[in-house]
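Reading through the structure tokens given below for one structure.
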Amino acid sequence: MKLNIKNICTAFLLSGVSIIFDSCTDSVKFGDPFLEKAPGGTVTADTVFNNAEYTRQFLAAAYAYQYYNLPCKSSNAAPQCINYWKGMPDALGDTHHLFYNASKVFSDYYSGALSSTPDNKTNYGVYPYTNEHIWENVRNSWLLIENVDRVPDMQEPEKARIKDEARCLIAYTYFIAFRFYGGLPIIRSTFTGSEATYEMARGTAKETVDFMLELLDEAIGGGNLPWVYNNPTADQGHWTLAGAMALKCQILQFAASPLFNDDQPYYAGRYTMENDAYTWFGSYDASWWTRFREACDAFFAKLNQNGGYRLVTPVTQDQAGYRYAYRYSYLFEDSPEILHSCRVSTNTSGNNYQWFNLRTNERMSYCPTEEFIEMFPWADGTPFDWDKAKAEGKLDYMFVRGDSVSGSQLLQNRRYTRDPRLYETAAVNGALQTINWGDGNTSGQPYELWVGGTTAGTGPSTNTGIYATGFRNLKYIAGEAYDKQFPQWSPLLLSDMYLTYAEALIQADNNLTEAIRYIDAVRARVGLKGLAECNPDKNLTTDKEALLEELLRERACELALQTTRYFDLIRYKRAADFEKPLHGLRIYLLVKNSSGQWERSEQQWYNQYFDTRSVRNNPNHPFYYEPTHFDFEKFVITTGARVWWSQGFDPKWYLQPFPITEINKGYGLVQNPGW
């Protein structure tokens, strides 16, 4: 298998018209419509599948269509998931809020204005049904399955592997759409161009799940996919047996959850459907949880048998070691925790790299909320409790603590007092800004996130910009360290599988003790003590609901910007979490006035007093030392206040609307309730 998804000499033109592949010696143009011939009529399947290299390039095109969560382009062309004018679904949950008012998340979701009517560029929601390459990817994958056997200069094992990779691509594409829409049209082959009609009536939710599982079971049972990459340099990003088995677990996890698997549909009492089966399994069936657990059993049995993947082991048992282990787990291309990763670029700069290049631009103002920050425990694993910390006088060092030492303006012996994952996920007051790519050490100036501080400026007070909540996102950015690194997004991670298995054990078997063991393995990677040990008052070994709540919190901390938290809230129908107003944190620097009383100040420290001539040689100067005393004020987010906070969460929001233009075509696509 020569295909290298990262480095292949291929240019992808992702549009609704064509894909152009420029090999090192030739050019081939492949069409996207559900037709045998490409636009122009010069390149057909006969051309593509008469050459092994063209076939591999065609497979690369299908990989290029995979869902990629990080917005990195400004374009109305498909796929819209990477358009930063849309916004990530993560900003619809309770962990992040997007302050870019030109985004669809801000203008349509927060305001409640989203409808089923696309704009003149066929866009509407965060994952528009007809502008995401859903069906182009399905069609291209079926073309591979149906035609790869006739490639003359390709060995049979490679042909078999390509077919199973294509099955995984179809299943993954369906799963992403299924989470947004529920039951989907079931496409089992390409169109030849000779059909009288192109009927794609909507399938039921169960039919859609069964179809995805059918594809994956064939790929898993075929024996053609390697468990791990045979050649990591060449094959990175390809579907593997491990990825296929993990995806099966995620599909069953979503299917077993109350959104579809409950005694009544999620819209009961508010809306009706002519056929509830499109969005509901018809009743609660505990066997879904059993099937979910059995899929997880199979994955971990294969992992124990084959190895090849493992949780990253910290090199040092300290904050630096823990932080680096966490960052390495999801961000580094050779991480032993990545079960599947996606890319949109072969370059470490340019337009496809805008997620990083615009990290300080309001377009990427995915600000962590105070609710999210409080999910992260103390560094020893004990839960962070705001009221308790305030009563005990610990708020000043709820992020960092250090010593003011004569001769040094910056804090010495700086200790990071919270879960190491927090500092890799969010910029917080007092943390050092410069992150090393090659280890977990930090240096440079501290984040000044108080109102008026050097870093945050007026953002927290005006509730605008990348520090609008008093925090800034660092996930998939790593400060400045991600600069000139190959961008990727990793939808399937081993840590996720550990936490997924824990959920299966809780829900299918009520095996709380074993579930805690898997949760603790993930916590141990960042130096946290055991979950039950750290929460003795919650009876986690006997109280199923309490443990499930802790698991969902742990998933939020571990899997930020993986779409995890948003879809956890969706699949568990947690309307109350969507309805609760979210908060930011305004920090105020406290300084002593002429009377010796503490009062708020909005002045900068680093820019005005650090290493300046009038201060650096005068330890008695009132602003010689890095500030350590603050006042704290939680505030309700007002910029982009969500309609759900004041009017309640309409159950229609659990699924997205199909475009009314598709409904009106009359081929059997049925609208979701409420839209």
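For segment 143-166, check the following and say yes or no: at least one residue is surrounded by 19 or more Cβ atoms within 10 Å (Cβ to Cβ), under 23 Å from the mean Cα position of the chain (by Cα), at pLDDT 95 or above and part of a loop (DSSP other than H, G, I, E, B). Scanning segment 143-166, I find no residue that is surrounded by 19 or more Cβ atoms within 10 Å (Cβ to Cβ), under 23 Å from the mean Cα position of the chain (by Cα), at pLDDT 95 or above and part of a loop (DSSP other than H, G, I, E, B), so the answer is no. Of everything in segment 75-93 that is of a type in the set (Gly, Ala, Ser) and crowded, with 21+ Cβ neighbours inside 10 Å, the residue that is farthest from PHE578 (Cα to Cα) is ALA78.
Residues in segment 202-245 that are among the charged types (D, E, K, R) and closer than 27 Å to GLU337 by Cβ were compared, and the one that is most open to solvent (accessible area, probe 1.4 Å) is GLU218. Summed over segment 381-403, the residues that are open to solvent by less than 40 Å² (accessible area, probe 1.4 Å) and among the β-branched types (Val, Ile, Thr) give a count of 1. Within segment 364-371, not a single residue is over 25 Å from GLY527 (Cβ atoms) and open to solvent by 50 Å² or more (accessible area, probe 1.4 Å). Each residue in segment 32-49 was checked for being modelled with pLDDT under 95, over 16 Å from GLU136 (Cα atoms) and in a loop (DSSP other than H, G, I, E, B), and 4 pass.
Can you confirm whether segment 296-317 contains a residue that is part of a loop (DSSP other than H, G, I, E, B) and farther than 26 Å from GLU514 by Cα? Yes, segment 296-317 contains a residue that is part of a loop (DSSP other than H, G, I, E, B) and farther than 26 Å from GLU514 by Cα. When THR628, THR638 are screened for being modelled with pLDDT of 95 or more and under 20 Å from THR454 (Cα atoms), only THR628 passes. Sub-9 Å Cβ pairs linking a first residue in segment 468-490 that is under 21 Å from GLU558 (Cα atoms) and assigned to a strand (DSSP E or B) to a second residue that is open to solvent by less than 10 Å² (accessible area, probe 1.4 Å) and of a type in the set (D, E, K, R), at least 6 apart or interchain, are SER490/GLU337, ordered by first then second residue. Of the residues making up segment 524-558, those that are in contact with a Lys or Arg (Cβ under 7 Å, 6 or more places away or on another chain), of a type in the set (A, V, I, L, M) and under 22 Å from TYR330 (Cβ atoms) are VAL526, LEU531, ALA556. Scanning segment 630-675 for residues that are out of contact with any strand residue (DSSP E or B) (no Cβ under 9 Å at 6 or more places or on another chain), on the phi > 0 side of the Ramachandran plot and touching a residue at least 12 places away in the same chain (Cβ under 8 Å) gives GLY648, GLY674.
For segment 588-640, a residue qualifies if it is within 22 Å of HIS97 (Cβ to Cβ) and either touching a helix residue (DSSP H, G or I) at 6+ places or on another chain (Cβ under 7 Å) or open to solvent by 90 Å² or more (accessible area, probe 1.4 Å) (or both), and the qualifying residues are PHE632, LYS634, THR638, GLY640. Considering HIS96, HIS133, the condition of being at positive phi, surrounded by 24 or more Cβ atoms within 10 Å (Cβ to Cβ) and not aliphatic (A, V, I, L, M) is satisfied by HIS133 alone. Could you say whether any residue in segment 562-572 is in contact with a Phe, Trp or Tyr (Cβ under 7 Å, 6 or more places away or on another chain), closer than 21 Å to ILE637 by Cα and open to solvent by less than 50 Å² (accessible area, probe 1.4 Å)? Yes, that holds for at least one residue. Quick test of your reading of the structure: GLY457 fulfils all but one of (1) assigned to a loop (DSSP other than H, G, I, E, B); (2) open to solvent by less than 10 Å² (accessible area, probe 1.4 Å); (3) at pLDDT 95 or above. Name the failing condition by number. Failed condition: (2).
The values are calculated or read from the model by the stated rules, or taken from the named source; none is laboratory data. None of these values were measured; they are calculated from a predicted model. We place every Cβ from the backbone using ideal geometry, glycine too, and count neighbours over all the protein chains shown. Side chains are part of the model used for accessible areas, which takes the heavy atoms of the whole protein and leaves out ligands, DNA and RNA. Shrake-Rupley method; radii C 1.70, N 1.55, O 1.52, S 1.80 Å.
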